[in-house]
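Engineer: A single structure is presented below for examination.
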Amino acid sequence: MSTELRFTVGGMTCANCVGRVERTLKKVPGVSEASVNLATETASVTLGEDAGPEAMTAALQAVNAAGYEAGEATLELGIGGMTCANCVGRVERQLKKQAGVVAASVNLATERATIRYLPAMLDAAGLKAAIEGAGYEAIELDAGEEEERASEAEVLGRAFWLAAAFTLPLLLVSMGPMLVPGLAGLKTSLMPARAWGVVELLLTSAVLFGPGRRFLRLGFSELRALSPGMNALVTQGSLAAYGYSLLVVIAPGLFPEGTAHLYFEAAAVILTLILLGKSLEARAKGRTSAAIRKLMELQAPTARVRREGEWREVPVDSVKVGEELEVRPGERIPVDGVVERGEGWVDESMITGEPVPVSRGVGTEVIGGTVNQNAVLVVRATRVGADTVLAQIVRMVQEAQGGKPPIQELADKIASVFAPAVMVAALLTFAGWMIFGPPGALSHAFVAAVSVLVIACPCAMGLATPTAIMVGTGRGAELGVLFRKGLALESLARIDHLLLDKTGTLTRGRPELTDLLPLADLDEDTLLRRVAALEASSEHPLGRAIVAAAEARGLELPEAEGVEALPGFGLTGRVEGQTLRVGSRRLMESEGIALDEAAAAQLTGLAEQARSTVLVAEGDRLVGLLAVADPLKEEAPEALARLRADGLTLVMLTGDGRATAEAVARAAGIDEVRAELLPADKAEVVKALQEGGASVAFVGDGINDAPALARADVGIAIGTGTDIAMESAEVVLMTGDLHALVRAVGLARTTLRTIRGNFLWAYAYNVLLIPVAAGALYPLVGVLLNPMLAAAAMSLSSLFVVGNSLRLRRFAG
């Protein structure tokens, strides 16, 4: 049957807009009808019977591409009660069934759902109702989310201790006689065996229908929806043990001789151990998001703001753009801003990952959350609230942790069929024991079937990816590497080609004086001072670099007279009584000023290094030679050597001329160079490599890099670059240091190895232990796995996966 969509369309102003949107929508494959109303600014779209979910997304994208705004919203909700990958799949399926939901992604580790939906068809209340209809709790997220996680661990902890309070005496009653000599006789003298069975029944009922009730409620909900998961398996296993034992107590004559055993302790211990595992898991999962909590704690709670002529201490949330703030030594800078007065050192390590403090003075930008070290700074606020760099970092990390890479989607699909397969395996186990087992095999059949149900819970599978993604992205943020999507971690780990822009990525991004060579009786400072005086009025990049070099040396520039620009050649003028000519070799040749062999050789050598040269003449003699270049970053050769050693093919892409590009590539240790490229050409190079089977990451920092960043399998933006580049990338390096790139690749690969290790453990554990639980060892050693041990092993599996992921917190790069 067809599907009706309704969504708002922003930006329409006339009937022509209406017609354009309608025509755009009707071109989308799968759309059979489209009607747009200007007055209500809504579009009604009918999707054909064969249209899939992608048609809805395509319709929204088409409206946006046409220059209008399709009314789509994103909502994040906490989900309570999820325990395994089957729960994830169930919540996602329930959400995607709702008319108006564009996409839904659920993360077990963060216990969050990220939902894209059409507000014209559905609201937040409807989404919450859908989640609750699936048997889970929908929780609105707020600033207290971490406290909520802590309270969840506390609730589970209290439930465990309550369960343990009933389970310990139950174990004493049921298993004590086997362990404590004389206890069996004492029990018999106090009460008959049947009465002790009733005691076990009461103690087990307290566990099952008290702290264990959460599993029963969710388990029945999963079974009703025909979507069994961990809760359904635990429910079946514990109720089977409870029900079997209950019948033994009230009607023992129903059972064949030798099979009327009590398994109350198995039911209680299963639930108690799983509660212990879940409480430990909740605490561990809280540690996986510690990076977010640390980032949030960087925000200064108050700010000292100048209002009505005096400094006032106010909540940081009340600071407005443009206000002046005073930051004293040792204090955190409250918001992003520009230094108005003062000069000192600022520790930016918590944002950039770089341990060395940086100098900040008048006109320089400072980042909220960083620490002012040694001077009073007056800062004018430029970004506040959700617009600050710190807030954006927190948002990026949260989005990355909520994402779902392909390896997790595959795991979810496997897990969705795993629980039903386990139930079938448990039935086959029971039937096999009854058919092929020894006389009185009912008891054995029952124990083996319950053990299979309990040990095979897919909790570890559901946690394998999201816990590693959470810790990996959090650790990346601490190291100054921001993964904007969880997908980027997996994609970056798989790349084999790394393409790098030159200017601003491999080089410092600004011309600097690299060589100062006096050729006569002048010293370096005199030569530089005179040339800089002449260049002081020039806007040419080479001239500005020379002036900056003189200022860096603290030289006082004399007054230049009669300065005349010679377009295409250079400058001429008088400085300190000398007539100077400063410019190209052509200028010297046109003025008849000869170069000796030594000067010509130096000029050739500098040209081979792709450095722009400036010749200096006083009167009719050559007195100096200066060279300006955009120098390679100091760490580039070492960082690139490490990347090459990791098996990556390095390619430099640049719009510069080939001679300059090849000189930089030689110095950096890059073999392959593509020069004289336009922005679109860079994207085409990426596309060509991808079509040849390569997995490509592109690193850039400028607006001209945005097309290639977006086209690559992974776009990596240098955080010191433009906002447009960062918006086009999946990974942002908060510092321009290329060692951050090495850390990013290393962290991605380590995270993927961790995920694979988690999966190997989770699957190998189930593959190996299900046969053991079913009784494979019984013919060899006469031992059946006790359901209590099965429950302990299942909890241990989940804790192993979480603990393995937490090791990523120690990654140093």
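Engineer: Can you name the residue in segment 33-84 that is open to solvent by 70 Å² or more (accessible area, probe 1.4 Å) and not in a loop (DSSP other than H, G, I, E, B) and is also nearest to residue 798 (Cα to Cα) among such residues?
Structural biologist: Residues of segment 33-84 that are open to solvent by 70 Å² or more (accessible area, probe 1.4 Å), as a first pass: 33, 39-41, 49-50, 53-54, 61, 64-65, 69, 74.
Next, only the ones that are not in a loop (DSSP other than H, G, I, E, B) stay: 33, 53-54, 61, 64-65, 69, 74.
Working: 33: 50, 53: 34, 54: 35, 61: 40, 64: 43, 65: 45, 69: 44, 74: 31 Å.
This residue is 74.
Engineer: Only one of 626, 653 is open to solvent by less than 40 Å² (accessible area, probe 1.4 Å), farther than 19 Å from residue 701 by Cα, at pLDDT 85 or above and not acidic (Asp, Glu). Can you tell me which? Step through it out loud before you land on a result.
Structural biologist: Values: 653 fails: farther than 19 Å from residue 701 by Cα.
Only one candidate passes the filter, namely 626.
Engineer: Could you tell me whether residue 592 is part of a loop (DSSP other than H, G, I, E, B), on the phi > 0 side of the Ramachandran plot and either in contact (Cβ under 8 Å) with a residue 60 or more places away in the chain or aromatic (Phe, Trp, Tyr) (or both)?
Structural biologist: Values: part of a loop (DSSP other than H, G, I, E, B): yes; on the phi > 0 side of the Ramachandran plot: yes; either in contact (Cβ under 8 Å) with a residue 60 or more places away in the chain or aromatic (Phe, Trp, Tyr) (or both): no.
For residue 592, the condition - part of a loop (DSSP other than H, G, I, E, B), on the phi > 0 side of the Ramachandran plot and either in contact (Cβ under 8 Å) with a residue 60 or more places away in the chain or aromatic (Phe, Trp, Tyr) (or both) - is not met.
Engineer: With a cut-off of at least 3 residues that are closer than 30 Å to residue 174 by Cβ and modelled with pLDDT of 80 or more, name the helices (runs of 4 or more DSSP H) lying wholly within segment 701-792. Explain how you work it out, then say what you get.
Structural biologist: On the way: elements: 706-711, 723-728, 739-774, 778-781.
Result: 739-774.
Engineer: Taking segment 85-97, which residues are open to solvent by less than 10 Å² (accessible area, probe 1.4 Å) and acidic (Asp, Glu)?
Structural biologist: Scanning segment 85-97 gives no hits.
Engineer: Additional query: Of all residues in segment 632-690, how many are out of contact with any Phe, Trp or Tyr (no Cβ under 9 Å at 6 or more places or on another chain) and not in a helix (DSSP H, G or I)?
Structural biologist: Count: 25.
Engineer: Are any residues in segment 751-783 within 19 Å of residue 423 (Cβ to Cβ), under 29 Å from the mean Cα position of the chain (by Cα) and without any contact (Cβ under 8 Å) to a residue 60 or more places away in the chain, and if so, which ones?
Structural biologist: If the condition is that a residue be within 19 Å of residue 423 (Cβ to Cβ), under 29 Å from the mean Cα position of the chain (by Cα) and without any contact (Cβ under 8 Å) to a residue 60 or more places away in the chain, then no residue fits.
Engineer: Scan segment 491-521 residue by residue and report those that are of a type in the set (D, E, K, R) and surrounded by fewer than 24 Cβ atoms within 10 Å (Cβ to Cβ). Give the derivation first.
Structural biologist: If we filter segment 491-521 for residues that are of a type in the set (D, E, K, R), which is where we start, we get 494, 496, 501-502, 508, 510, 512, 515, 521.
Within segment 491-521, 494, 496, 508, 510, 512, 515, 521 qualify.
Engineer: Between a residue in segment 123-139 that is within 9 Å of residue 91 (Cα to Cα) and open to solvent by 50 Å² or more (accessible area, probe 1.4 Å) and any residue that is assigned to a helix (DSSP H, G or I) and modelled with pLDDT of 85 or more, which pairs come within a Cβ distance under 8 Å, given they are 6 or more apart or on different chains?
Structural biologist: none
Engineer: Can you work out which of the residues in segment 311-343 that are of a type in the set (Lys, Arg) and more than 15 Å from residue 375 (Cβ to Cβ) is least open to solvent (accessible area, probe 1.4 Å)?
Structural biologist: 312
Engineer: Another question about this same structure. Among the numbered criteria (1) in contact (Cβ under 8 Å) with a residue 12 or more places away in the chain; (2) more than 18 Å from residue 808 (Cα to Cα); (3) surrounded by fewer than 24 Cβ atoms within 10 Å (Cβ to Cβ); (4) of a type outside the set (Val, Ile, Thr), which single criterion is violated by residue 449?
Structural biologist: (3)
Engineer: Look at residue 642 and say whether it is open to solvent by 10 Å² or more (accessible area, probe 1.4 Å) and under 26 Å from the mean Cα position of the chain (by Cα).
Structural biologist: On the way: open to solvent by 10 Å² or more (accessible area, probe 1.4 Å): yes; under 26 Å from the mean Cα position of the chain (by Cα): yes.
It is true that residue 642 is open to solvent by 10 Å² or more (accessible area, probe 1.4 Å) and under 26 Å from the mean Cα position of the chain (by Cα).
Engineer: Working only within segment 23-32, note down all residues that are crowded, with 16+ Cβ neighbours inside 10 Å and under 11 Å from residue 63 (Cα atoms). Please lay out each step first, then the result.
Structural biologist: Kept after step one, since they are crowded, with 16+ Cβ neighbours inside 10 Å, are these residues of segment 23-32: 24-25, 28, 30-31.
24, 25, 28, listed by residue number.
Engineer: Please go through segment 108-120 and pick out each residue that is open to solvent by 10 Å² or more (accessible area, probe 1.4 Å) and not in a loop (DSSP other than H, G, I, E, B).
Structural biologist: 112, 114, 116, 117
Engineer: So, of the residues in segment 277-310 that are among the charged types (D, E, K, R), modelled with pLDDT under 70 and open to solvent by 60 Å² or more (accessible area, probe 1.4 Å), which turns out to be farthest from the chain's Cα centre (by Cα)?
Structural biologist: Here is the first cut: in segment 277-310, the ones among the charged types (D, E, K, R) are 278, 281, 283, 285, 287, 293-294, 297, 304, 306-308, 310.
Narrowing the set further to residues that are modelled with pLDDT under 70 leaves 281, 283, 285, 287, 293-294.
Narrowing further to those that are open to solvent by 60 Å² or more (accessible area, probe 1.4 Å): 283, 287, 293-294.
Working: 283: 21, 287: 16, 293: 15, 294: 15 Å.
By that ranking, first place goes to 283.
Engineer: OK, next. Inside segment 551-577, can you point out the residues that are open to solvent by 70 Å² or more (accessible area, probe 1.4 Å) and more than 22 Å from residue 628 (Cα to Cα)?
Structural biologist: Of everything in segment 551-577, those that are open to solvent by 70 Å² or more (accessible area, probe 1.4 Å) and more than 22 Å from residue 628 (Cα to Cα) turn out to be 559, 561, 574, 576.
Engineer: For segment 466-567, which helices (runs of 4 or more DSSP H) that fit wholly inside it have 3 or more residues that are under 21 Å from residue 739 (Cα atoms)? Full working, then the answer.
Structural biologist: On the way: elements: 486-493, 524-535, 541-552.
Here the list reads 486-493.
Engineer: Moving to a separate point now. Please verify whether segment 207-230 includes one or more residues that are modelled with pLDDT of 80 or more, more than 25 Å from residue 448 (Cβ to Cβ), open to solvent by 20 Å² or more (accessible area, probe 1.4 Å) and in a loop (DSSP other than H, G, I, E, B).
Structural biologist: Among the residues of segment 207-230, at least one is modelled with pLDDT of 80 or more, more than 25 Å from residue 448 (Cβ to Cβ), open to solvent by 20 Å² or more (accessible area, probe 1.4 Å) and in a loop (DSSP other than H, G, I, E, B), which makes the answer yes.
Engineer: Could you tell me whether residue 444 is open to solvent by 10 Å² or more (accessible area, probe 1.4 Å), touching a helix residue (DSSP H, G or I) at 6+ places or on another chain (Cβ under 7 Å) and modelled with pLDDT of 85 or more?
Structural biologist: Values: open to solvent by 10 Å² or more (accessible area, probe 1.4 Å): yes; touching a helix residue (DSSP H, G or I) at 6+ places or on another chain (Cβ under 7 Å): yes; modelled with pLDDT of 85 or more: no.
So residue 444 does not fit the description; no.
Engineer: Does any residue in segment 607-622 that is more than 19 Å from residue 659 (Cβ to Cβ) come within less than 6 Å, Cβ to Cβ, of a residue that is of a type in the set (Lys, Arg) six or more places away or on a different chain, and which pairs are these?
Structural biologist: 617/581
The values are calculated or read from the model by the stated rules, or taken from the named source; none is laboratory data. None of the values given here were measured: they were computed from a predicted structure. With ideal geometry, Cβ positions are generated from the backbone for all residues, glycine too; neighbour counts draw on all protein chains shown. The protein model used for the area step is the full one, side chains on, heavy atoms only, and it has no ligands, DNA or RNA in it. Shrake-Rupley method; radii C 1.70, N 1.55, O 1.52, S 1.80 Å.
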